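Undergrad: Before I ask anything, let me first share the structure, which is written out below as C-alpha coordinates.
The values are calculated or read from the model by the stated rules, or taken from the named source; none is laboratory data. What you see is a predicted model; the values in this text were computed from it and never measured. Because the Cβ atoms are built from the backbone with ideal geometry, glycine has one as well, and the counts that use them run over all protein chains shown. Ligands, DNA and RNA are excluded from the accessible area calculation, which covers all protein heavy atoms including side chains. Shrake-Rupley method; radii C 1.70, N 1.55, O 1.52, S 1.80 Å.
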Amino acid sequence: MEYLLFITLGALISVLSGFFGVGGGFILTPTLMLFGFSPVEAITTSLLFSIGTSLSGIFAHIRMKNIRLKQGLILGLSGMAATQAAHPFVLFLEEKGWDTWAVPLFYIILLSYFALGMLKKGENPTNAVSPSELSPSIVKMVLIGFFAGFVSTTLGVGGGFIMVPLSVAYLGMMPKKAVGTSLFAILLIVTAGFVSYSSTISIDYWIGLSLVAGGLAGSQFGAKLTSYFENEEITYMLGALYMATVASVILKLIHLDYTGLVLMAIFVGGFLVRSLVKMQKANARSKAKKERP
(Lines give C-alpha, C1' and ligand atoms only; values in the text may rest on other atoms or scores of the structure.)
Protein backbone atom coordinates (compact mmCIF):
# COMPACT_ATOMS: atom_id res chain seq x y z
CA MET A 1 0.00 0.00 0.00
CA GLU A 2 2.89 2.36 0.73
CA TYR A 3 4.35 1.91 -2.76
CA LEU A 4 0.88 2.26 -4.33
CA LEU A 5 0.56 5.60 -2.54
CA PHE A 6 3.86 6.79 -4.03
CA ILE A 7 2.91 5.54 -7.50
CA THR A 8 -0.29 7.61 -7.28
CA LEU A 9 1.63 10.61 -5.93
CA GLY A 10 4.14 10.33 -8.77
CA ALA A 11 1.35 10.20 -11.37
CA LEU A 12 -0.42 13.29 -10.01
CA ILE A 13 2.74 15.37 -9.71
CA SER A 14 3.94 14.36 -13.18
CA VAL A 15 0.68 15.59 -14.73
CA LEU A 16 1.55 19.02 -13.33
CA SER A 17 5.16 18.53 -14.49
CA GLY A 18 4.19 17.83 -18.09
CA PHE A 19 1.66 20.66 -18.12
CA PHE A 20 3.81 23.40 -16.56
CA GLY A 21 7.27 22.16 -17.63
CA VAL A 22 8.59 22.31 -14.07
CA GLY A 23 10.07 18.85 -13.60
CA GLY A 24 7.80 18.10 -10.63
CA GLY A 25 10.56 18.31 -8.04
CA PHE A 26 9.52 21.65 -6.59
CA ILE A 27 6.19 20.03 -5.64
CA LEU A 28 7.62 16.64 -4.64
CA THR A 29 10.43 17.83 -2.34
CA PRO A 30 8.19 19.75 0.09
CA THR A 31 5.57 16.98 -0.17
CA LEU A 32 8.13 14.35 0.84
CA MET A 33 9.18 16.56 3.76
CA LEU A 34 5.52 16.67 4.77
CA PHE A 35 5.65 12.84 4.75
CA GLY A 36 8.62 12.93 7.15
CA PHE A 37 11.64 12.65 4.83
CA SER A 38 14.75 14.62 5.83
CA PRO A 39 15.53 17.56 3.50
CA VAL A 40 18.55 15.83 1.91
CA GLU A 41 16.64 12.54 1.41
CA ALA A 42 13.74 14.47 -0.13
CA ILE A 43 16.11 16.37 -2.44
CA THR A 44 17.86 13.21 -3.72
CA THR A 45 14.60 11.31 -4.23
CA SER A 46 13.07 14.27 -6.06
CA LEU A 47 16.03 14.52 -8.42
CA LEU A 48 15.61 10.83 -9.31
CA PHE A 49 11.90 11.41 -9.93
CA SER A 50 12.62 14.47 -12.07
CA ILE A 51 14.84 12.40 -14.38
CA GLY A 52 11.94 10.08 -15.19
CA THR A 53 9.27 12.76 -15.61
CA SER A 54 11.52 14.98 -17.71
CA LEU A 55 12.30 12.13 -20.11
CA SER A 56 8.62 11.30 -20.51
CA GLY A 57 7.53 14.91 -20.93
CA ILE A 58 10.27 15.62 -23.48
CA PHE A 59 8.93 13.00 -25.91
CA ALA A 60 5.46 14.53 -25.75
CA HIS A 61 6.74 18.07 -26.35
CA ILE A 62 8.96 16.91 -29.25
CA ARG A 63 5.82 15.74 -31.04
CA MET A 64 4.23 19.15 -30.45
CA LYS A 65 7.43 20.94 -31.59
CA ASN A 66 7.69 22.88 -28.34
CA ILE A 67 11.45 22.35 -27.79
CA ARG A 68 14.12 24.80 -28.96
CA LEU A 69 17.19 22.54 -28.97
CA LYS A 70 19.95 25.19 -29.03
CA GLN A 71 18.44 27.21 -26.17
CA GLY A 72 17.80 24.01 -24.20
CA LEU A 73 21.42 22.88 -24.54
CA ILE A 74 22.80 26.23 -23.38
CA LEU A 75 20.42 26.37 -20.41
CA GLY A 76 21.08 22.72 -19.51
CA LEU A 77 24.88 22.75 -19.78
CA SER A 78 25.24 25.94 -17.72
CA GLY A 79 22.88 24.41 -15.17
CA MET A 80 24.99 21.25 -14.98
CA ALA A 81 28.03 23.37 -14.13
CA ALA A 82 26.09 24.99 -11.29
CA THR A 83 25.22 21.63 -9.69
CA GLN A 84 28.89 21.13 -8.78
CA ALA A 85 28.82 24.31 -6.71
CA ALA A 86 25.47 23.66 -5.06
CA HIS A 87 26.10 20.10 -3.82
CA PRO A 88 28.81 20.98 -1.23
CA PHE A 89 26.69 23.95 -0.14
CA VAL A 90 23.77 21.66 0.79
CA LEU A 91 26.05 19.21 2.59
CA PHE A 92 27.42 22.15 4.59
CA LEU A 93 23.86 23.13 5.61
CA GLU A 94 23.14 19.54 6.69
CA GLU A 95 26.38 19.32 8.70
CA LYS A 96 25.47 22.49 10.58
CA GLY A 97 21.88 21.31 11.13
CA TRP A 98 20.50 24.29 9.21
CA ASP A 99 18.88 22.33 6.38
CA THR A 100 15.56 21.80 8.23
CA TRP A 101 14.77 25.53 8.13
CA ALA A 102 17.05 26.87 5.37
CA VAL A 103 15.66 24.66 2.57
CA PRO A 104 11.99 25.51 3.32
CA LEU A 105 12.90 29.19 3.65
CA PHE A 106 14.56 29.17 0.20
CA TYR A 107 11.36 27.64 -1.20
CA ILE A 108 9.17 30.32 0.35
CA ILE A 109 11.28 33.22 -0.93
CA LEU A 110 11.76 31.93 -4.49
CA LEU A 111 8.25 30.60 -5.03
CA SER A 112 6.66 33.77 -3.67
CA TYR A 113 8.72 35.90 -6.05
CA PHE A 114 7.90 33.81 -9.12
CA ALA A 115 4.25 33.38 -8.12
CA LEU A 116 3.71 37.13 -8.04
CA GLY A 117 5.54 37.55 -11.33
CA MET A 118 3.54 34.88 -13.14
CA LEU A 119 0.20 36.06 -11.74
CA LYS A 120 0.98 39.62 -12.85
CA LYS A 121 1.95 38.41 -16.32
CA GLY A 122 -1.25 36.35 -16.49
CA GLU A 123 -3.27 39.52 -15.94
CA ASN A 124 -1.41 41.30 -18.77
CA PRO A 125 -0.95 38.58 -21.40
CA THR A 126 0.69 39.00 -24.77
CA ASN A 127 0.54 36.51 -27.60
CA ALA A 128 2.90 38.31 -29.91
CA VAL A 129 6.25 36.68 -30.64
CA SER A 130 8.99 39.03 -29.51
CA PRO A 131 12.25 39.40 -31.46
CA SER A 132 14.17 37.95 -28.49
CA GLU A 133 12.31 34.64 -28.82
CA LEU A 134 13.86 34.15 -32.24
CA SER A 135 17.43 34.95 -31.07
CA PRO A 136 17.65 35.22 -27.27
CA SER A 137 20.81 36.50 -25.60
CA ILE A 138 23.36 33.74 -24.93
CA VAL A 139 24.56 35.57 -21.80
CA LYS A 140 21.02 35.64 -20.43
CA MET A 141 20.58 31.93 -21.19
CA VAL A 142 23.83 31.04 -19.40
CA LEU A 143 22.88 33.10 -16.33
CA ILE A 144 19.35 31.64 -16.20
CA GLY A 145 20.68 28.09 -16.65
CA PHE A 146 23.35 28.53 -13.94
CA PHE A 147 20.86 30.01 -11.47
CA ALA A 148 18.30 27.28 -12.19
CA GLY A 149 20.97 24.58 -11.84
CA PHE A 150 22.18 25.92 -8.49
CA VAL A 151 18.64 26.09 -7.13
CA SER A 152 17.88 22.64 -8.60
CA THR A 153 20.64 20.94 -6.66
CA THR A 154 20.06 23.03 -3.53
CA LEU A 155 16.33 22.31 -3.31
CA GLY A 156 16.03 18.99 -5.16
CA VAL A 157 13.98 20.42 -8.01
CA GLY A 158 14.28 20.32 -11.77
CA GLY A 159 14.78 24.05 -11.94
CA GLY A 160 11.86 24.45 -14.33
CA PHE A 161 9.83 26.53 -11.87
CA ILE A 162 12.60 29.10 -12.23
CA MET A 163 13.56 28.48 -15.84
CA VAL A 164 10.05 28.72 -17.31
CA PRO A 165 9.10 32.16 -15.92
CA LEU A 166 12.59 33.57 -16.56
CA SER A 167 12.56 32.25 -20.14
CA VAL A 168 9.19 33.92 -20.67
CA ALA A 169 10.23 37.20 -19.03
CA TYR A 170 13.86 37.61 -20.22
CA LEU A 171 14.28 35.36 -23.28
CA GLY A 172 10.97 36.32 -24.89
CA MET A 173 9.75 32.71 -25.23
CA MET A 174 6.04 31.98 -25.38
CA PRO A 175 4.92 29.82 -22.41
CA LYS A 176 4.40 26.61 -24.41
CA LYS A 177 7.89 26.86 -25.98
CA ALA A 178 9.38 27.72 -22.58
CA VAL A 179 7.75 24.63 -21.06
CA GLY A 180 9.14 22.22 -23.67
CA THR A 181 12.62 23.77 -23.77
CA SER A 182 12.74 23.86 -19.97
CA LEU A 183 12.02 20.12 -19.71
CA PHE A 184 14.94 19.36 -22.04
CA ALA A 185 17.33 21.51 -19.99
CA ILE A 186 15.97 20.03 -16.75
CA LEU A 187 16.91 16.51 -17.84
CA LEU A 188 20.57 17.50 -18.12
CA ILE A 189 20.53 19.39 -14.82
CA VAL A 190 18.77 16.83 -12.62
CA THR A 191 20.90 13.96 -13.97
CA ALA A 192 24.07 15.80 -12.94
CA GLY A 193 22.55 16.71 -9.57
CA PHE A 194 21.37 13.18 -8.80
CA VAL A 195 24.77 11.67 -9.65
CA SER A 196 26.39 14.12 -7.21
CA TYR A 197 24.00 13.27 -4.34
CA SER A 198 23.66 9.51 -4.88
CA SER A 199 27.38 9.01 -4.29
CA THR A 200 27.06 10.30 -0.70
CA ILE A 201 23.36 9.99 0.30
CA SER A 202 21.44 6.76 0.90
CA ILE A 203 17.76 6.76 -0.19
CA ASP A 204 14.95 4.21 -0.56
CA TYR A 205 15.23 3.44 -4.28
CA TRP A 206 11.97 1.44 -4.27
CA ILE A 207 10.09 4.59 -3.25
CA GLY A 208 11.98 6.58 -5.88
CA LEU A 209 11.20 4.03 -8.60
CA SER A 210 7.54 3.89 -7.50
CA LEU A 211 7.33 7.65 -7.96
CA VAL A 212 8.98 7.38 -11.39
CA ALA A 213 6.63 4.55 -12.44
CA GLY A 214 3.62 6.66 -11.63
CA GLY A 215 5.19 9.66 -13.29
CA LEU A 216 5.89 8.09 -16.69
CA ALA A 217 2.25 8.13 -17.81
CA GLY A 218 1.27 11.29 -15.97
CA SER A 219 3.71 13.65 -17.70
CA GLN A 220 2.49 12.52 -21.13
CA PHE A 221 -1.06 13.38 -20.15
CA GLY A 222 0.03 16.71 -18.67
CA ALA A 223 1.89 17.71 -21.83
CA LYS A 224 -1.19 16.87 -23.92
CA LEU A 225 -3.35 19.10 -21.70
CA THR A 226 -1.41 22.21 -22.76
CA SER A 227 -3.17 22.06 -26.13
CA TYR A 228 -6.52 22.78 -24.41
CA PHE A 229 -5.35 25.98 -22.66
CA GLU A 230 -4.32 29.43 -23.81
CA ASN A 231 -0.83 30.72 -22.97
CA GLU A 232 -2.15 33.27 -20.47
CA GLU A 233 -4.17 30.56 -18.67
CA ILE A 234 -1.05 28.41 -18.24
CA THR A 235 0.86 31.42 -16.88
CA TYR A 236 -1.88 32.32 -14.39
CA MET A 237 -2.31 28.71 -13.19
CA LEU A 238 1.44 28.29 -12.70
CA GLY A 239 1.40 31.34 -10.40
CA ALA A 240 -1.47 29.81 -8.44
CA LEU A 241 0.46 26.52 -8.10
CA TYR A 242 3.46 28.41 -6.71
CA MET A 243 1.26 30.09 -4.10
CA ALA A 244 -0.28 26.78 -3.02
CA THR A 245 3.19 25.25 -2.62
CA VAL A 246 4.42 28.25 -0.60
CA ALA A 247 1.45 27.90 1.74
CA SER A 248 2.13 24.18 2.24
CA VAL A 249 5.81 24.84 3.09
CA ILE A 250 4.82 27.52 5.61
CA LEU A 251 2.37 25.07 7.19
CA LYS A 252 5.21 22.52 7.41
CA LEU A 253 7.39 25.02 9.29
CA ILE A 254 4.65 25.58 11.88
CA HIS A 255 4.12 21.79 12.20
CA LEU A 256 0.79 21.63 10.34
CA ASP A 257 2.00 18.94 7.92
CA TYR A 258 -1.43 17.34 7.39
CA THR A 259 -3.02 20.69 6.57
CA GLY A 260 -0.29 21.32 3.99
CA LEU A 261 -0.99 17.98 2.31
CA VAL A 262 -4.73 18.74 2.20
CA LEU A 263 -4.05 22.14 0.62
CA MET A 264 -1.94 20.61 -2.15
CA ALA A 265 -4.58 17.92 -2.72
CA ILE A 266 -7.26 20.61 -3.14
CA PHE A 267 -5.18 22.44 -5.75
CA VAL A 268 -4.40 19.27 -7.72
CA GLY A 269 -8.06 18.20 -7.58
CA GLY A 270 -9.22 21.59 -8.84
CA PHE A 271 -6.66 21.54 -11.65
CA LEU A 272 -7.72 18.06 -12.81
CA VAL A 273 -11.42 18.97 -12.76
CA ARG A 274 -10.79 22.13 -14.79
CA SER A 275 -8.67 20.18 -17.27
CA LEU A 276 -11.30 17.48 -17.75
CA VAL A 277 -13.97 20.14 -18.35
CA LYS A 278 -11.73 21.78 -20.97
CA MET A 279 -11.15 18.43 -22.69
CA GLN A 280 -14.85 17.63 -22.70
CA LYS A 281 -15.74 21.00 -24.25
CA ALA A 282 -13.00 20.67 -26.88
CA ASN A 283 -14.12 17.16 -27.81
CA ALA A 284 -17.74 18.32 -28.02
CA ARG A 285 -16.78 21.15 -30.40
CA SER A 286 -14.73 18.76 -32.52
CA LYS A 287 -17.62 16.30 -32.72
CA ALA A 288 -20.07 19.07 -33.65
CA LYS A 289 -17.81 20.21 -36.51
CA LYS A 290 -17.63 16.67 -37.90
CA GLU A 291 -21.43 16.31 -37.81
CA ARG A 292 -22.01 19.53 -39.79
CA PRO A 293 -23.05 18.90 -43.42
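Undergrad: Taking only pairs six or more apart or across chains, which ones have beta-carbon atoms under 6 Å, a first residue in the stretch 176-203 that is within 24 Å of Pro165 (Cβ to Cβ), and a second residue that is assigned to a loop (DSSP other than H, G, I, E, B) and open to solvent by less than 10 Å² (accessible area, probe 1.4 Å)?
TA: Val179/Gly21; Ser182/Gly21; Leu183/Gly21; Ile186/Gly23; Ile186/Gly158; Ile186/Gly159; Ile189/Gly159; Val190/Gly158
Undergrad: Output the number of the condition that Lys281 fails; it satisfies all remaining conditions of (1) surrounded by 11 or more Cβ atoms within 10 Å (Cβ to Cβ); (2) under 22 Å from the mean Cα position of the chain (by Cα).
TA: (2)
Undergrad: Another question, then. Does the stretch 274-293 hold any residues that are basic (Lys, Arg) and outside any helix (DSSP H, G or I), and which are they?
TA: Narrowing the stretch 274-293 to residues basic (Lys, Arg): 274, 278, 281, 285, 287, 289-290, 292.
Correct list: Arg292 only.
Undergrad: With respect to Leu48, is the statement that it is surrounded by 23 or more Cβ atoms within 10 Å (Cβ to Cβ), of a type in the set (A, V, I, L, M) and within 16 Å of Ala178 (Cα to Cα) true? Give the derivation first.
TA: On the way: surrounded by 23 or more Cβ atoms within 10 Å (Cβ to Cβ): yes; of a type in the set (A, V, I, L, M): yes; within 16 Å of Ala178 (Cα to Cα): no.
Criteria not met by Leu48.
Undergrad: Can you pull out the residues in the stretch 216-239 that are under 14 Å from the mean Cα position of the chain (by Cα) and closer than 22 Å to Leu32 by Cβ?
TA: Across the stretch 216-239, the qualifying residues are Gly218, Ser219, Gly222, Leu238.
Undergrad: Let me ask something additional. May I ask you to list the residues in the stretch 190-222 that are of a type in the set (Val, Ile, Thr), at pLDDT below 85 and part of a helix (DSSP H, G or I)?
TA: Within the stretch 190-222, Val190 is the sole residue that qualifies.
Undergrad: Is it true that Gly172 is free of Cβ contacts under 8 Å to residues at least 60 places away in the same chain, more than 13 Å from Leu110 (Cα to Cα) and open to solvent by less than 30 Å² (accessible area, probe 1.4 Å)?
TA: Working: free of Cβ contacts under 8 Å to residues at least 60 places away in the same chain: yes; more than 13 Å from Leu110 (Cα to Cα): yes; open to solvent by less than 30 Å² (accessible area, probe 1.4 Å): yes.
Yes; evaluated as a whole, the condition is true for this residue.
Undergrad: Among the listed residues Lys121, Lys65, Lys140, which satisfies the condition of being of a type in the set (D, E, K, R), surrounded by 16 or more Cβ atoms within 10 Å (Cβ to Cβ) and at pLDDT 75 or above?
TA: Working: Lys121 fails: at pLDDT 75 or above; Lys65 fails: surrounded by 16 or more Cβ atoms within 10 Å (Cβ to Cβ).
Being of a type in the set (D, E, K, R), surrounded by 16 or more Cβ atoms within 10 Å (Cβ to Cβ) and at pLDDT 75 or above holds for just one of Lys121, Lys65, Lys140, which is Lys140.
Undergrad: Among the residues of the stretch 231-250, which ones are open to solvent by 30 Å² or more (accessible area, probe 1.4 Å) and either touching a His at 6+ places or on another chain (Cβ under 9 Å) or without any contact (Cβ under 8 Å) to a residue 24 or more places away in the chain (or both)?
TA: Result: Ala247, single match.
Undergrad: Is it the case that the stretch 149-160 has a residue that's over 17 Å from Phe89 (Cα atoms), open to solvent by 40 Å² or more (accessible area, probe 1.4 Å) and among the aromatic types (Phe, Trp, Tyr)?
TA: Within the stretch 149-160, none of the residues are over 17 Å from Phe89 (Cα atoms), open to solvent by 40 Å² or more (accessible area, probe 1.4 Å) and among the aromatic types (Phe, Trp, Tyr).
Undergrad: Condition first: farther than 16 Å from Lys70 by Cα, open to solvent by 10 Å² or more (accessible area, probe 1.4 Å) and touching a helix residue (DSSP H, G or I) at 6+ places or on another chain (Cβ under 7 Å). Now tell me which residues in the stretch 177-199 satisfy that.
TA: At the first step, the residues of the stretch 177-199 found to be farther than 16 Å from Lys70 by Cα are 190-199.
Narrowing further to those that are open to solvent by 10 Å² or more (accessible area, probe 1.4 Å): 191-192, 194-196, 198-199.
Within the stretch 177-199, Thr191, Ala192, Phe194, Ser196, Ser198 meet the criteria.
Undergrad: I'm checking my understanding of the structure. Among residues of the stretch 68-110 that are part of a helix (DSSP H, G or I), of a type outside the set (A, V, I, L, M, F, W, C) and without any contact (Cβ under 8 Å) to a residue 24 or more places away in the chain, which one is most open to solvent (accessible area, probe 1.4 Å)? Reasoning before the result, please.
TA: So the first thing to find is which residues in the stretch 68-110 are part of a helix (DSSP H, G or I), and the list is 69-96, 99-110.
Now drop any that are not of a type outside the set (A, V, I, L, M, F, W, C), which leaves 70-72, 76, 78-79, 83-84, 87-88, 94-96, 99-100, 104, 107.
Add one more test, that the residue is without any contact (Cβ under 8 Å) to a residue 24 or more places away in the chain, and what stays is 70, 88, 95-96.
On the way: Lys70: 133, Pro88: 72, Glu95: 150, Lys96: 108 Å².
Restricting to residues being part of a helix (DSSP H, G or I), of a type outside the set (A, V, I, L, M, F, W, C) and without any contact (Cβ under 8 Å) to a residue 24 or more places away in the chain, the top hit is Glu95.
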